[in-house]
Structures are given as structure tokens and as C-alpha cells.
Amino acid sequence: MFAWHRPLRLLVAGAVACCLLSGCITYTVVSATASVASLAVDAAVGTVKIVGKGVGKAADALLEDEQEAADANPSSE
């Protein structure tokens, strides 16, 4: 007699579940995107630090070479 109510109830329950879960899905997507962006920034900062250390070591090596040359030949001053 009321067999048509069951599919209607399932349809309404599914629609309500979709509406409620859409917020969760949006939060999950935004959270995942923020995490990926954070990782990308961390990787970029790490790369800059490594490059900076390399440049610093190269500058130290050049300055040490100049200092050694000045120490070896003091009459050139």
C-alpha cells in the first residue's frame, strides 16, 4: 500500500546526505590543497637554503684563496 514511500525516503535521505557531506568534501579538498602548497613552499625554502650555502662556501673559498695569495706574497701591497 505504501511501497512508493520507501524509494522516496531513500531519495530524500541520499539528498540530505549529499548536502551534509558536501561541506566535508570541500573542507577535505581545501585542506589537502593547503597541505600540498605548504609542502611546495617548504621545498622551495629548502632549495634556497641549499643554494645559499653553496654560494657561501664558494665565496669563502674565493676569499681564502685571495687571503692565501696575499699572505704568500706580502711585497705586492
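Every read-out reported here was derived from the displayed coordinates using simple, explicitly stated rules and does not represent laboratory data. Here the structure is a predicted model, which means the values were calculated and not measured. Don't worry about glycine lacking a Cβ; one is built from the backbone with ideal geometry, like all the others, and counts go over all protein chains shown.
General remarks:
- Each of V55 and S22 was given a label point 7 Å from its Cα along the Cα-to-Cβ line. The distance between the two points is 4.9 nm.
- Simple spin-label estimate for L8 and N73 in nanometres, 7 Å along Cα-Cβ: 10.1
- Nitroxide proxy distance, nm - points 7 Å out along Cα→Cβ at A43 and D65: 3.4
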